[in-house]
Amino acid sequence: MKNLLSIEGIDKGRFHALLNNSQAMLEIAQRDIKKVPALRGKTIVNLFFEPSTRTRSSFEIAAKRLSADAINIAVSNSSSKKGESLLDTARNLQAMSPDAIIVRHNISGAVNFLAKHLTKTAIINAGDGTHEHPTQALLDCLTLQRHFCIDGKKRENIEGLTVAILGDVLHSRVARSNIWAHGLLNNKINLIGPTTLIPDEFAAEGLFGDARIKIFRDLREGLKGVDVVICLRMQLERQEGFFVPSLDEYSQRYCLTKKIIAECAPNIVVLHPGPINRGVEISSDVADGDKSLITDQVESGVAVRMAVLLDCVASPTEILEP
Ligand code: NCD
């Protein structure tokens, strides 16, 4: 059984193979019959302890496109509401012989903890606390690969870019997984936001391996020379205490607007993992504008999750013919 728990520590070859296989999976979504038999007879469980629209449906669609049986456990209706521990819930699910359990949990480390105890099923991290969200980083990279290397044919690969991550980095698992991914790709990383949301330690040597990180407190400064900006939602549900004086004040300084892009980085492309808070971290004219790759990210998400499921559950020689 193979797990996918984090981008930190992922084998470089596996990372690139996942990206390349994801690219191949994109084609299946264009077919009339969007189904291949690769995971026929396999069972995939979506175990989500936090709200999710995109990630959960994306994993479910991915599993179904590969002909696996996919079930969703709505935790609000599950035995965890009766006091069952995470491990007991997961052990019971494992006893039903699923091939993979996809887990989202509000506690950092919860998914690694399960992976340590459940050895008969693949465990895939769909986001744990503020720790990691590996499939999000992969789908962000696939979106960039499509934009730079396929659609625009501007580059051979997505190495050597400067990537800005804007906003609530401290509470973001998307940011952490992307920092590891862009470190692996040898890209420069500009983190942009206030000290409360991006402490200076984020740029400390060795914290993210060899990743080349710079911190900017000023949005305009941070966007200079950047190829890509990843906007982050202000993750109020994970914040304990006050990190910004008010959302209004925050957006005055850090909301990504069309005007600022035109002024500082007219050639950038914009990513956002969703859900978007329009007018807080990103303005509608950017989210819906021609720099935005946000819906491409959602499309890439299904392809990435198909590739991840194949990698974790199928043998490498499975057939992908319709
Ligand atoms: C992200 C998450 O849950 O970490 N969303 C997602 O998976 N699409 C980001 C967020 O919630 O802001």
Given (1) within 23 Å of E8 (Cβ to Cβ); (2) hydrophobic (A, V, I, L, M, F, W, C); (3) away from the ligand (no atom under 16 Å from the Cβ), where does A74 come up short, assuming only one miss?
(1)
Which residue pairs have Cβ atoms closer than 8 Å, lie 6 or more positions apart in sequence or on different chains, and pair a first residue in segment 252-265 that is over 11 Å from A164 (Cβ atoms) with a second residue that is of a type in the set (D, E) and part of a helix (DSSP H, G or I)?
T257/D285; K258/D285
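This table checks each residue for (1) away from the ligand (no atom under 16 Å from the Cβ); (2) closer than 19 Å to E221 by Cβ; (3) in contact with a Gly (Cβ under 7 Å, 6 or more places away or on another chain).
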{"position": "Y250", "(1), (2), (3)": "no, yes, no"}
{"position": "T257", "(1), (2), (3)": "yes, yes, no"}
{"position": "I260", "(1), (2), (3)": "yes, yes, no"}
{"position": "E263", "(1), (2), (3)": "yes, yes, no"}
{"position": "N267", "(1), (2), (3)": "yes, yes, no"}
{"position": "H272", "(1), (2), (3)": "no, no, no"}
{"position": "N277", "(1), (2), (3)": "no, no, no"}
{"position": "E281", "(1), (2), (3)": "no, yes, yes"}
{"position": "D285", "(1), (2), (3)": "yes, no, no"}
Which ones in segment 112-133 are more than 10 Å from the ligand (Cβ to nearest atom), aliphatic (A, V, I, L, M) and touching a residue at least 40 places away in the same chain (Cβ under 8 Å)?
A115, A122, I123, I124
Any idea which of (1) under 28 Å from L19 (Cα atoms); (2) surrounded by fewer than 15 Cβ atoms within 10 Å (Cβ to Cβ) is the one F202 doesn't satisfy?
(2)
Is there any pair linking a residue in segment 301-322 that is of a type in the set (G, A, S) to one that is modelled with pLDDT under 95 and surrounded by fewer than 24 Cβ atoms within 10 Å (Cβ to Cβ), with Cβ under 6 Å and at least six apart or on different chains, and which?
none
Within segment 167-196, residues more than 16 Å from the ligand (Cβ to nearest atom) and charged (D, E, K, R) come out as K188
Between a residue in segment 175-193 that is part of a helix (DSSP H, G or I) and any residue that is aromatic (F, W, Y) and at pLDDT 95 or above, which pairs come within a Cβ distance under 7 Å, given they are 6 or more apart or on different chains?
I179/F208; W180/F208; G183/F208; L184/F15
Between a residue in segment 224-246 that is on the phi > 0 side of the Ramachandran plot and any residue that is assigned to a loop (DSSP other than H, G, I, E, B) and among the small types (G, A, S), which pairs come within a Cβ distance under 9 Å, given they are 6 or more apart or on different chains?
G225/A265
For Q136, indicate whether it is at pLDDT 95 or above and within 16 Å of the ligand (Cβ to nearest atom).
yes
Candidate set: segment 108-123, residues that are surrounded by 13 or more Cβ atoms within 10 Å (Cβ to Cβ) and polar (S, T, N, Q); chosen: the one nearest to R238 (Cα to Cα):
S108
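The values are calculated or read from the model by the stated rules, or taken from the named source; none is laboratory data. Just so it is clear, the model here is predicted, and its values are computed rather than measured. Cβ: placed from backbone, ideal geometry, glycine included. Neighbour counts: every protein chain shown.
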